[in-house]
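Beneath this line is the structure, given in structure tokens, with notes to follow.
The values are calculated or read from the model by the stated rules, or taken from the named source; none is laboratory data. As the structure is a prediction and not an experimental result, all values here were calculated from the model. Glycine also receives a Cβ, built like all others from the backbone with ideal geometry; neighbour counts cover every protein chain displayed. Quick note on the areas: whole protein, heavy atoms, side chains included, nothing else; ligands and nucleic acids left out. Shrake-Rupley method; radii C 1.70, N 1.55, O 1.52, S 1.80 Å.
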Amino acid sequence: MKLVVIGTGYVGLVTGVCLAKFGNRVVCVDTDASRVETLRGGKVPFYEPGIEEMMNRNVAEGRLSFATSAGEALAEGETAEVCFITVGTPSAPDGSADLSAVEGAARDVGRSLRGPLLVVVKSTVPVGTHERVKAWVSEELKKRGQEPEFLMVSNPEFLREGAALRDFLEPDRVVLGVESPEAAERMKSLYSFLDSGRLLFMDLRSAEMAKYASNAMLATRISFMNEMANICERVGADVDHVRRAMGRDSRIGPSFLYAGCGYGGSCFPKDVRALRDFASASGYHPRILNAVEEVNENQKDVVFEKLALHLGDLSDKTVAIWGLSFKPKTSDVREAPAHRLILSLLEARARVQAHDPRAIEETRSALGDHRGLLYMHDLYDAVNGADALAVMTEWDIYRQPDLLRVRKLLKNPLMVDGRNLYSLAEMQRLGFDYLSIGRPSILGAGS
Ligand SMILES: NC(=O)c1ccc[n+]([C@@H]2O[C@H](COP(=O)([O-])OP(=O)(O)OC[C@H]3O[C@@H](n4cnc5c(N)ncnc54)[C@H](O)[C@@H]3O)[C@@H](O)[C@H]2O)c1
């Protein structure tokens with residue numbers, strides 16, 4: 001089967017590469033010519049474990065290619081049967097989902113569509129967007145005086161960056177909103193590598209909503225636990241014990257119960273905002289979603305507040321930061337809590353020595369150059385001579401570092417751990433002043 005995938009970000013490239021692996025002929029399209037150039041050169045422009053090897057194997061075996069326009073991809077060779085739309089849907093300034101890339105992709109499809117096609121929207125889009133996509137495609141077809149048949153499918157993606165290939169190939173479920181039994185049959189054959197029990201068919205609006213509801217639920221759990229952590233700190237409880245007790249309750253379960261320095265990334269923040277926006281537009285006042293976002297915004301400042309409280313005037317201080325990506329195993333820095341911290345520190349005229357195993361270049365291009373901001377390629381160099389270390393991402397290399405060496409390199413033995421990576425007893429034994437999230441503080445070493 002020939003497939004076209006529009007957008008070569010995390011979702012598009014993973015979709016294209018994985019479906020090519022099963023023998024389909026896939027053309028991945030991106031309007032960013034330099035990105036296409038990079039992909040044609042055998043390089044993936046972001047870090048995702050395993051994808052580069054799988055991509056290059058598919059290219060070498062002739063099943064995967066890249067194009068800079070949907071027109072070129074749809075026109076060349078055999079007629080495409082399925083076209084995925086996997087472009088970004090970032091927040092607009094008012095919090096709604098910016099659908100301009102989706103509209104661009106839909107119109108490109110309408111301008112080039114030749115035969116019957118399944119138009120599958122994988123981007124996360126507000127409920128009802130499939131109707132707008134259908135209208136955009138139809139408008140372009142009408143301009144050409146053509147009427148090839150096309151069917152809409154909503155197939156929101158649930159992959160997690162850092163585990164994207166496995167999540168695509170072995171998903172918990174595949175949500176498929178379809179408008180006809182024929183579309184359902186065709187999606188079933190596309191996903192025939194999965195046990196059919198994992199395919200959940202439904203109407204298109206419910207499929208679009210299922211994605212937002214899932215992300216909002218996960219964001220809610222995070223904000224809920226951050227709120228519990230903030231209360232624990234004030235009443236002398238330890239959120240780690242509380243988490244373990246809660247997670248053993250089969251009605252609650254252990255996932256997504258970790259307190260920390262707030263959620264970031266390319267999905268939760270914008271999806272909670274977009275859901276709030278279209279809920280409000282529908283006449284409903286979303287109380288829980290407002291609170292989830294408010295708690296998260298507050299949580300992103302917690303590490304800075306702890307540093308300021310314990311270091312006092314920051315203008316002559318140097319702070320080391322471990323972790324710049326919004327979570328481990330990805331170079332994605334969109335809305336990363338570390339960025340908020342860096343900007344707050346720079347505003348307070350502190351110097352920053354930042355380390356990350358994968359996301360330095362991404363951070364540099366997101367934040368630009370600042371006189372007080374140094375990027376270090378070694379985690380111990382970042383700590384050298386600093387007045388404090390802040391841990392912002394739970395990369396594996398930060399889990400068991402040489403903590404004694406860290407303490408000796410720090411000018412002042414203060415660590416603020418935004419991810420609760422280390423044991424309180426160990427940090428006390430090593431002589432740190434150690435502040436984490438929702439756990440008792442260890443103080444006295446630096447005084
Ligand atoms: N990243 C994730 O973990 C994840 C997971 C699930 C769902 N999603 C959703 O999937 C969608 C895509 O996310 P992403 O992170 O892969 O996006 P991304 O921002 O990483 O990539 C999108 C790509 O689309 C390209 N593009 C934009 N307009 C185009 C057009 N008209 N034609 C061709 N290419 C075009 C851009 O140049 C870019 O390379 C979003 O709606 C997102 O919410 C993302």
Gain on full stretching of the segment that runs from residue 405 to residue 316 - 0.36 nm per residue minus C-alpha separation: 29.7 nm
Where only C-alpha atoms are counted, convex hull volume of the range 300-435 per residue in Å³: 90 Å³
Gained length - residue 200 relative to residue 347, 0.36 nm times residue gap less alpha-carbon distance: 48.0 nm
Apportionment of accessible area to carbon and sulfur, the range 211-298, percent (1.4 Å): 58 percent
For residue 199, distant residues with modelled amide H under 5 Å away: 174
Per-pair calculated FRET efficiency, R0 = 35 Å: residue 250 and residue 445 via Cβ, rounded to 0.05: 0.30
Theoretical FRET efficiency, 1/(1+(r/R0)^6), r = Cβ-Cβ of residue 280 and residue 173, R0 35 Å, to 0.05: 0.75
Total formal charge among the other residues, if their Cβ is under 12 angstrom from that of residue 115, Lys/Arg +1 and Asp/Glu -1: -2
Neighbourhood net charge (10 Å Cβ-Cβ; Lys/Arg +1, Asp/Glu -1) for residue 77: 0
The range 342-427: trypsin sites (Lys or Arg not before Pro) in DSSP loop, at most 14 other beta carbons within 10 Å: 349, 371, 399, 411
Probe 1.4 Å, accessible area per residue of the range 2-202, Å²: 40 Å²
Stretch gain in nm, segment residue 1-residue 294, where the contour uses 0.36 nm per residue and the Cα spacing is subtracted: 100.8 nm
Alpha carbon centroid spacing (whole Å) that separates the range 57-133 from the range 309-328: 41 Å
Rough spin-label spacing in nm, given labels placed 7 Å along Cα→Cβ, for residue 79 and residue 361: 4.2 nm
Straight-distance crosslink candidates among lysines, where the alpha carbon sits under 26 Å from residue 270 and sequence neighbours closer than 8 are dropped: 122, 134, 211, 300, 327, 329
Helix-derived mean residue ellipticity, 222 nm - over the chain, DSSP H n ≥ 4, -39500 (n - 2.57), to 500: -13000 deg cm²/dmol
Alpha-carbon Rg with Dmax, taken over the range 211-298, Å: 13.9, 43
Approximate shape of the range 202-258 as ellipsoid semi-axes (Cα gyration tensor, √5λ), whole Å, largest first: 30, 13, 6
Surface/4 of the Cα convex hull for the chain, nm²: 22.8 nm²
